[in-house]
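First the structure, in the form of structure tokens, and then the observations on it.
Nothing in this text is a laboratory measurement; each read-out follows from the coordinates by a stated rule. Note that this is a predicted model, so its numbers are computed, not measured. Please note: Cβ atoms are built from the backbone with ideal geometry, for glycine as well, and neighbour counts cover all protein chains shown.
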Amino acid sequence: DTGSAAATPIDPRFDIAYVTPVTIGTPPQTLQLDLDTGSSDLWVFSSHTPASQVRGQRIYAPDKSTTSKLLNGHTWSITYGDGSGSRGNVYTDKFTIGGVTVKSQAIETAQQVSSSFTTEDAIDGLVGLGFSTLNTVSPNGQLTFFDNAKPNLDSPVFTADLKYMKPGTYDFGFIDKTKYTGEITYVPVETDPGYWTFTSSGYGVGSGTFSSSPITGIADTGTSLVYLPTAIVTAYYRQVQGATNSRSYGGYVFPCNSTLPAFVFGVGEAKFTIPPSYMSYAAVTDGSPTCFGGLQSSSGIGVNIWGDVALKAAFVVFNGEEPPTIGWANK
Ligand SMILES: CSC[C@H](NC(=O)[C@H](Cc1ccccc1)OC(=O)N1CCC(N)CC1)C(=O)N[C@@H](CC1CCCCC1)[C@@H](O)Cn1ccccc1=O
């Protein structure tokens with residue numbers, strides 16, 4: 001098997017998240033889900049989600065699918081880094097992304113979603129693409145779509161080609177040579193506790209010297225920004241006129257008309273440049289002259305996160321062979 005599906009930004013003004021069309025059940029029900037390498041639950045808004053918590057999202061109705069089966073006595077509950085969360089019951093059903101089908105995928109139906117999910121009408125749920133050890137279904141943890149699909153994929157990989165303010169693609173089962181330039185640099189992945197954790201070889205601010213120092217973090221398609229150690233973040237914003245670490249806005253902000261340096265990060269011998277346009281994430285509120293930075297400190301999180309701001313500067317291969325590795329290429 002091989003497959004390919006679009007990853008479309010949910011907001012035309014800034015890349016807060018990307019959604020991908022999937023089909024569930026028989027006849028197929030189409031939902032727009034956020035593929036998240038930072039978690040491992042596949043959950044959806046459903047006919048079991050209270051109407052008061054659904055605001056425009058598409059829902060999965062297991063009772064309308066001839067191939068759905070309730071996974072008796074199984075429940076799930078998840079809380080994300082940004083404090084959002086959801087919980088509910090579990091079915092198995094036919095699940096397809098970009099033409100790759102898993103006949104019996106655990107579909108976690110929401111009985112409750114937090115307010116930030118209710119207000120985000122462009123996201124109908126998540127497809128966790130982290131390692132299945134992170135799955136929250138109890139009493140028996142379930143496998144991710146990738147783990148279920150892997151044995152039937154031509155190659156046990158999926159790739160992310162996210163783009164700045166336009167649709168990119170997720171490919172499953174193959175590496176599309178037309179999507180990158182030069183060589184792919186592969187580095188080891190630490191699978192404990194279950195993220196795509198790898199070690200970057202260092203960073204540089206703009207045209208400044210490159211600092212070769214290991215930065216261990218996770219490649220996370222479900223996180224909008226890049227979160228790195230405070231020393232790196234302060235070194236970056238020292239080069240930005242008028243930048244301050246705002247308590248009220250919860251991070252580094254600066255005048256939107258500031259000149260921003262690029263941010264360079266290393267993977268092995270390779271270098272990747274996040275252009276200034278990606279580093280100015282968004283105006284703090286619509287029309288404000290104050291902008292929120294695409295690079296923020298990880299000190300409050302406990303893990304460094306290479307989110308979409310970094311991922312869209314590269315072509316990334318999530319290699320599910322044993323042992324797993326992650327590959328980065330310029331594009
Ligand atoms: C520092 S982990 C914060 C991160 N959530 C974000 O990145 C959200 C994404 C978002 C926000 C609003 C609408 C849509 C999407 O966006 C912001 O938080 N932003 C962007 C806008 C900025 N103004 C403020 C900062 C996060 O929990 N990701 C998790 C997946 C997310 C959850 C929310 C829905 C979309 C998918 C996940 O991979 C993060 N994970 C990673 C490792 C361990 C646990 C864990 O849970």
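Could you run the Karplus curve 6.51 cos²θ - 1.76 cosθ + 1.60 with θ = phi - 60° over the range 114-124 and give me ³J(HN,Hα) per residue in whole Hz, x for Gly and Pro?
6, 4, 5, 6, 4, 7, 8, 6, 8, 10, 8
Could you go through the range 291-307 in sequence order and give the Karplus-derived ³J(HN,Hα) for each residue, using 6.51 cos²θ - 1.76 cosθ + 1.60 with θ = phi - 60°, rounded to whole Hz, and x for Gly and Pro?
10, 9, x, x, 10, 9, 7, 8, 4, x, 9, x, 8, 7, 10, 8, x
Using the crude model of +1 on Lys and Arg Cβ and -1 on Asp and Glu Cβ, and no other charge, please compute the dipole size for the range 220-331 relative to its Cα centre, in debye to 20.
400 debye
Just rank 107, 301, 16, fewest to most, by other beta-carbon atoms within 10 angstrom.
Ordered by Cβ neighbours within 10 Å, fewest first: 301, 16, 107.
What Rg and what Dmax come out for the range 180-330 when only alpha-carbon atoms are used, in angstroms?
15.3, 49
With the Cα gyration tensor of the range 260-307 giving a ≥ b ≥ c as the square roots of its eigenvalues, does the rule (a/c under 1.5 for rounded; else a/b larger than b/c for prolate; else oblate) give rounded, prolate or oblate?
Since a/c reaches 1.5 but b/c is at least a/b, the shape of the range 260-307 is classed as oblate.
Please report 82, 15 as a ranked list, fewest other C-beta atoms within 10 angstrom at the top and most at the bottom.
82, 15
Where in the chain is the longest stretch that carries no GluC sites (Glu not before Pro) classed as loop by DSSP and with at most 10 other Cβ atoms within 10 Å?
My reading of the result: 1-268 is the longest stretch.
DSSP loop (so not H, G, I, E, B), at most 13 other Cβ within 10 Å: list which trypsin sites (Lys or Arg not before Pro) in the range 24-73 pass both filters.
Taking the range 24-73 and a limit of 13 other Cβ atoms within 10 Å, the loop trypsin sites (Lys or Arg not before Pro) found are 55.
So, by mean Cβ neighbours within 10 angstrom, what's the order for 307-315, 94-102 with the highest one leading?
307-315, 94-102
Charges on Cβ only, +1 for Lys and Arg, -1 for Asp and Glu, centred on the Cα centroid of the range 3-172; of 95, 18, 157, which one is farthest towards the dipole's positive end?
95
Could you point to the residue in 314, 225, 259 farthest towards the positive end of the range 214-331's charge dipole, with +1 and -1 charges on the Cβ of Lys/Arg and Asp/Glu respectively?
It is 259.
Taking amide H positions as placed in the peptide plane 1.01 Å from N, state which residues far from residue 58 in sequence (5 or more) or on other chains have amide H under 5 Å from it.
32
Write down the radius of gyration of the chain and its Dmax, each obtained from C-alpha positions, in Å.
My reading of the Cα-based Rg and Dmax gives 19.6, 60 Å.
Taking amide H positions as placed in the peptide plane 1.01 Å from N, state which residues far from residue 75 in sequence (5 or more) or on other chains have amide H under 5 Å from it.
138
Given the range 3-172, what count of lysine pairs have C-alpha atoms under 25 Å apart, with each pair 8 or more places apart or on different chains?
So the count of such lysine pairs works out to 8.
Would you mind working out the magnitude of the charge dipole of the range 3-172 relative to its Cα centre, with +1 at each Lys and Arg C-beta and -1 at each Asp and Glu C-beta, to the nearest 20 Debye?
The dipole magnitude comes to about 340 debye.
Arrange the following residues from fewest to most other Cβ atoms within 10 Å of their Cβ: 326, 175. Each step should come with its number before you reach the end.
Numbers: 326 22, 175 19.
The most exposed by this proxy come first: 175, 326.
Only four residue types carry charge here, +1 at the Cβ of Lys and Arg and -1 at the Cβ of Asp and Glu. Report the dipole size of the chain about the Cα centre in Debye, rounded to the nearest 20.
Numbers: 18 positive and 27 negative charges, 107 e Å.
It comes to approximately 520 debye.
222 nm [θ] for the chain, helices only, -39500 (n - 2.57) per DSSP H run of 4+, per residue, to 500?
-1500 deg cm²/dmol
In percent, what relative contact order does the chain have, based on Cα pairs under 8 Å that are 6 or more apart in sequence?
Numbers: 882 pairs, mean separation 62.5, N = 331.
Result for the chain is 19 percent.
HN-Hα J couplings of the range 177-186 from phi, Karplus 6.51/-1.76/1.60, θ = phi - 60°, integer Hz, Gly and Pro as x?
5, 7, 9, 9, 10, x, 9, 8, 9, 9
Hey, could you grab the Kirkwood Rh for the range 136-260? Inverse mean 1/r over distinct alpha carbon pairs, Å, one decimal.
So the Kirkwood estimate lands at 18.3 Å.
May I ask which residue of 276, 204, 287 lies farthest towards the positive end of the charge dipole of the range 180-330, with charges of +1 (Lys, Arg) and -1 (Asp, Glu) on Cβ and the Cα centre as origin?
Going by the Cα projections, it comes out as 287.
On average, how much area does the Cα convex hull of the range 3-172 cover when viewed from any direction, in nm²?
9.2 nm²
Can you list residues whose amide H is under 5 Å from residue 67's amide H, if they're 5+ apart or on another chain and H is modeled 1.01 Å from N?
Here the answer is 26, since their amide H atoms fall under 5 Å of that of residue 67.
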